[in-house]
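The values are calculated or read from the model by the stated rules, or taken from the named source; none is laboratory data. Keep in mind that this is a model prediction, so the values were computed, not measured. Note that we place each Cβ from the backbone using ideal geometry, even for glycine, and neighbour counts take in every protein chain shown. To get the accessible areas, we keep the full protein, side chains included, count just its heavy atoms, and leave off ligands, DNA and RNA. Shrake-Rupley method; radii C 1.70, N 1.55, O 1.52, S 1.80 Å.
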Amino acid sequence: MQSSQTTISAADAHYQAGTKYFSQKDFRAAMAEFRSLLAIAPDHVGGTFQIGRVFLETFWTKEAVEWFRHAAQLKPDTPQIWQGWAEAVALGGDREDRRTFLSELKRSEIDKNLRKQLEDRFGSHRKASRPQLGGVAPRQISQLARSLRSGDYKKAEAEAAKVLRAAPRSAAAAFILGDAQARQNKDTEAQASFRRAIKLDPRYAEAYGALGQLLYNQRALTGAMETLRPAVILAPDMVPAVVGLGKALADLGHNHAAARLFERATRLDPKNSSIFVELGNTHMRLNS
């Protein structure tokens, strides 16, 4: 019979090996180590959390939801666990997963600011973010948006560039500049503008979404997936990002995760027949 000290040492060894494999993106080996850890220490919080991370990184998002939930039950005061759980729900959770997450979040012991941020992700910010204006008046941003909608993209680009020169910290102006450039097929310039918007405001879902779509159109699938992922995490019901990530994942062979996103998109935009086509094609691949 193993002593408690021997059990702790073995658990630590598995945990260290697992985190090493995880950092090397050898997720199969990492999972094996964390599973071995839990076989000898079933309530090990770190091991439980890390299995959730492995599932999340490999886009088995529904499974990740359950592991993060269990980790939160074991240690409810750990911000990283709640953040991981929120990401898993955003990427692959259904409506019941959201209800469960929000219900447990209300009773959590994490910082109130983080709690509010995570609540907003599935509430007021679920379809759109609120970008940093960087000193630009809201009416001026609205005027730039109107110029863009008018169809005179060259004029919109010039106006946005002028505003950005005067207010270089405005993520919203940088995004509109990138949008105007993208609509003129100035992909290199648009990418730079979207990346600038993201750097200025790392929670700007629309900027991630627009950049990810550009990369997808260029068939840079891994880059598109990695960029669209935070867009959906930040705004889980923003339909273009949800569909875009689903398409990138499907093209990369992650059909289970893609199907969950397309199913969500059909509920959000039930009149969009193209989403149903994507969902049907994904189910065909899953059943083939």
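Of the residues A166, L177, G84, the one whose Cα sits farthest towards the positive end of the charge dipole of the stretch 67-178 is A166 (charges of +1 on Lys and Arg Cβ, -1 on Asp and Glu Cβ, taken about the Cα centre). Applying both filters, DSSP loop and at most 16 other Cβ atoms within 10 Å, to the GluC sites (Glu not before Pro) of the stretch 1-110 gives E109. Helical content alone sets the calculated 222 nm signal of the chain at -24500 deg cm²/dmol, taking -39,500 (n - 2.57) per DSSP H segment of four or more residues and averaging over every residue. Shape summary: the stretch 141-265 maps onto an equivalent ellipsoid whose semi-axes, from the alpha-carbon gyration tensor, are 27, 14, 13 Å in decreasing order.
Give me the dipole magnitude in Debye, nearest 20, for the chain about the Cα centre, with unit charges on the beta carbon: positive for Lys and Arg, negative for Asp and Glu. Result for the chain is approximately 980 debye, rounded to the nearest 20.
Look at [x] 0.94; [y] 0.99; [z] 1.04: the one that is Rg/Rh (Cα atoms, Kirkwood Rh) derived from this structure is [z]. With bins 5 Å wide beginning at 0, the percent of Cα pairs of the stretch 95-177 falling in each bin runs 3, 14, 19, 14, 11, 9, 10, 10, 7, 2, 0.
The aspartates and glutamates whose alpha-carbon is closer than 16 Å to the alpha-carbon of K155, local same-chain residues fewer than 8 away aside, are D179, E189. Ligands, DNA and RNA are left out, and with a 1.4 angstrom probe the accessible area of the chain is 51 Å² per residue. Relative intensity of the stretch 159-198 on a log10 scale, I(q)/I(0) at q = 0.18 Å⁻¹, equals -0.37, per a Debye sum over C-alpha point scatterers of equal strength in the absence of solvent. What's the carbon and sulfur percent of the stretch 69-110's accessible surface, probe 1.4 angstrom, rounded to a whole number? Summing carbon and sulfur atoms, their accessible area is 43 percent of the total for the stretch 69-110. Applying the criteria of a DSSP loop state and at most 11 other Cβ atoms within 10 Å to the trypsin sites (Lys or Arg not before Pro) of the stretch 90-151 yields R107.
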